């Protein structure tokens, strides 16, 4: 069931909408549930609209021609994603992909309704650009890591960040998934994780990576 109070609380332009724009927004909101791993947005092939995460977690990433992925940022509960409506924004000139990192429920404001509202309402248009800018530092940090940091440091940073995100010393991701996050290859990540294990920083198993020395790992990361 659609929780309109939740929508009003997280679409900051709501109170600036006209009654007609409020009706248009309400009529074009949909509740969608995704299972972990579901593809939500596939680059230029999709232009779904604005996503508001009600619960769960989404992953936003880019992909090279040879299939290598790099995570740009994650979207957690209460956060809004405008990149899923990138076709409406001329400033976005690269393909963005979005998948469900956990079982998730999102509210989707359809692209046509959002486009019309932005054309008519300056506050809604400003909201879209402010939302993009709010993630810009995350995107630049991801690019900076790939361009300027060695794999050992990138992997350490990722493990620390993932541990904080999940509030756990267990990183429940495969080596392939970790490689996709940091823009590397599975074989390379596996070798580096084995080095970490030999240094007493992590313990490896089929299901996860256990961080056993967070102080040493932080030393590698920062």
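The values are calculated or read from the model by the stated rules, or taken from the named source; none is laboratory data. Nothing here was measured: the structure is a model prediction, and the numbers come from that model. Note: ideal-geometry Cβ built from the backbone for every residue, glycine included; neighbour counts use all protein chains shown.
Results for (1) within 18 Å of residue 135 (Cα to Cα); (2) surrounded by 20 or more Cβ atoms within 10 Å (Cβ to Cβ); (3) modelled with pLDDT of 90 or more; (4) not assigned by TED's automatic domain parsing to the domain that holds residue 182, shown as yes or no for each residue.
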{"position": "28", "(1), (2), (3), (4)": "no, no, yes, yes"}
{"position": "33", "(1), (2), (3), (4)": "no, no, yes, yes"}
{"position": "37", "(1), (2), (3), (4)": "no, no, yes, yes"}
{"position": "43", "(1), (2), (3), (4)": "yes, no, no, yes"}
{"position": "53", "(1), (2), (3), (4)": "yes, yes, yes, yes"}
{"position": "58", "(1), (2), (3), (4)": "yes, yes, yes, yes"}
{"position": "66", "(1), (2), (3), (4)": "no, no, no, yes"}
{"position": "70", "(1), (2), (3), (4)": "yes, no, yes, yes"}
{"position": "76", "(1), (2), (3), (4)": "yes, no, yes, yes"}
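If I filter segment 111-128 for residues that are within 17 Å of the chain's Cα centre (by Cα) and either surrounded by 14 or more Cβ atoms within 10 Å (Cβ to Cβ) or under 29 Å from residue 181 (Cβ atoms) (or both), do I get at least one hit? Scanning segment 111-128 turns up at least one residue that is within 17 Å of the chain's Cα centre (by Cα) and either surrounded by 14 or more Cβ atoms within 10 Å (Cβ to Cβ) or under 29 Å from residue 181 (Cβ atoms) (or both).
In the set (1) within 18 Å of residue 76 (Cβ to Cβ); (2) at pLDDT below 95; (3) surrounded by 14 or more Cβ atoms within 10 Å (Cβ to Cβ), the condition left unmet by residue 158 is number (2).
Residues that are closer than 22 Å to residue 178 by Cβ: find the strands (runs of 3 or more DSSP E) completely inside segment 1-81 holding 2 or more of those. Can you show your working first?
Values: elements: 29-34, 39-42, 49-55, 57-63, 69-76.
In segment 1-81, the matching strands (runs of 3 or more DSSP E) lie at 39-42, 57-63, 69-76.
The residue that is nearest to residue 72 (Cα to Cα), among those in segment 175-222 that are modelled with pLDDT under 95, out of contact with any strand residue (DSSP E or B) (no Cβ under 8 Å at 6 or more places or on another chain) and not in a helix (DSSP H, G or I), is 184.
Residue-wise test of (1) in contact with a helix residue (DSSP H, G or I) (Cβ under 6 Å, 6 or more places away or on another chain); (2) touching a residue at least 40 places away in the same chain (Cβ under 8 Å); (3) in the same structural domain as residue 65 (by TED's automatic domain parsing); (4) closer than 19 Å to residue 102 by Cβ.
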site: 173; (1), (2), (3), (4): no, no, no, yes
site: 180; (1), (2), (3), (4): no, yes, no, yes
site: 189; (1), (2), (3), (4): yes, no, no, no
site: 194; (1), (2), (3), (4): no, no, no, no
site: 212; (1), (2), (3), (4): no, yes, no, no
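Among residues belonging to segment 129-142 that are in contact with a strand residue (DSSP E or B) (Cβ under 8 Å, 6 or more places away or on another chain) and in a helix (DSSP H, G or I), point out the one that is surrounded by the most Cβ atoms within 10 Å (Cβ to Cβ). Checked segment 129-142; the qualifying residue surrounded by the most Cβ atoms within 10 Å (Cβ to Cβ) is 142.
Test residue 200 against the stated conditions and say whether it is in contact (Cβ under 8 Å) with a residue 40 or more places away in the chain and at positive phi.
No.
Taken as a whole, the structure places residue 166 among residues that are outside the structural domain of residue 18 (by TED's automatic domain parsing), out of contact with any strand residue (DSSP E or B) (no Cβ under 9 Å at 6 or more places or on another chain) and surrounded by fewer than 19 Cβ atoms within 10 Å (Cβ to Cβ).
Here residue 221 passes the criteria (1) buried (at least 16 other Cβ atoms within 10 Å of the Cβ); (2) touching a residue at least 40 places away in the same chain (Cβ under 8 Å); (3) within 22 Å of residue 101 (Cα to Cα) except the one numbered (3).
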